[in-house]
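Right, one structure below, let's go through it.
Just so it is clear, none of the values below were taken in a lab; they were calculated from the coordinates. These figures come from a predicted structure and were not determined experimentally. Glycine gets a Cβ as well: all are built from the backbone with ideal geometry, and neighbour counts include every protein chain shown.
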Amino acid sequence: MSEPVVLDASAILALLLKESGHERVEHILCSGGAVVCSANVGEVVCDLALRGMPEEAIRQVLELLPLSIVPLDEELAVRAGLMGPQARVLGLSFGDRACLALASRLGAPVLTAEGSWLKWQGGPPVICIR
């Protein structure tokens, strides 16, 4: 397995929906180092459900993705919460901050489709797929 890379929900959705930059996400998944926070899995599930995908299909898609899912534990939740003041100006959601908190914990870069994340200071390296 290669070094871990933490995926944001937007990167996973780009892959599943074949949006711009999905090839970069696919490459990370094939490397065997993809990690995601359970909060971001919830974001992916919500987006797919809002698009009308049935629950069974969503569960099947998630099972096929070679991801290590890390639970949102108390420490990650606190870290994400403490990022609130700095993250507010960038419009980062709690799920976004949970992703950044996990990357900080692992000392890993984050892969996202959200260009505004490139302005994040003092945290893990951010790689935008677009």
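Being under 14 Å from GLY95 (Cβ atoms) and either without any contact (Cβ under 8 Å) to a residue 60 or more places away in the chain or among the hydroxyl-bearing types (Ser, Thr, Tyr) (or both) is the filter here, so list the residues in the stretch 37-70 that pass it. Spell out how you get there, then give the answer.
Filtering the stretch 37-70 down to residues under 14 Å from GLY95 (Cβ atoms) leaves 37-47, 69-70.
SER38, ASN40, VAL41, GLY42, GLU43, VAL44, VAL45, CYS46, ASP47, ILE69, VAL70 - these are the residues of the stretch 37-70 that are under 14 Å from GLY95 (Cβ atoms) and either without any contact (Cβ under 8 Å) to a residue 60 or more places away in the chain or among the hydroxyl-bearing types (Ser, Thr, Tyr) (or both).
So which of SER93, SER38, SER20, SER31 ends up being in contact with a strand residue (DSSP E or B) (Cβ under 6 Å, 6 or more places away or on another chain) and surrounded by fewer than 18 Cβ atoms within 10 Å (Cβ to Cβ)? Full working, then the answer.
On the way: SER93 fails: in contact with a strand residue (DSSP E or B) (Cβ under 6 Å, 6 or more places away or on another chain); SER20 fails: in contact with a strand residue (DSSP E or B) (Cβ under 6 Å, 6 or more places away or on another chain); SER31 fails: in contact with a strand residue (DSSP E or B) (Cβ under 6 Å, 6 or more places away or on another chain).
That would be SER38, the only listed residue that is in contact with a strand residue (DSSP E or B) (Cβ under 6 Å, 6 or more places away or on another chain) and surrounded by fewer than 18 Cβ atoms within 10 Å (Cβ to Cβ).
What are the pairs with Cβ atoms under 8 angstrom where one residue, in the stretch 104-130, is free of Cβ contacts under 8 Å to residues at least 12 places away in the same chain and the other, located anywhere, is surrounded by 16 or more Cβ atoms within 10 Å (Cβ to Cβ) and part of a strand (DSSP E or B)? Sequence gap at least six, or different chains.
From residues that are free of Cβ contacts under 8 Å to residues at least 12 places away in the same chain, the pairs are LEU118/VAL126; LEU118/CYS128.
Within the stretch 1-31, can you find the residues that are touching a Ser or Thr at 6+ places or on another chain (Cβ under 6 Å) and in a loop (DSSP other than H, G, I, E, B)?
Going through the stretch 1-31, the residues touching a Ser or Thr at 6+ places or on another chain (Cβ under 6 Å) turn out to be 2, 8, 10-11, 31.
Hits for the stretch 1-31 are SER2, ASP8.
Of the residues that sit in the stretch 34-44 and are assigned to a helix (DSSP H, G or I) and among the aliphatic types (A, V, I, L, M), which one is nearest to SER2 (Cα to Cα)? Quick ask: steps written out before the conclusion?
First, the residues of the stretch 34-44 that are assigned to a helix (DSSP H, G or I): 38-44.
Of the ones still in play, those that are also among the aliphatic types (A, V, I, L, M) are 39, 41, 44.
Working: ALA39: 23, VAL41: 21, VAL44: 24 Å.
Result: VAL41.
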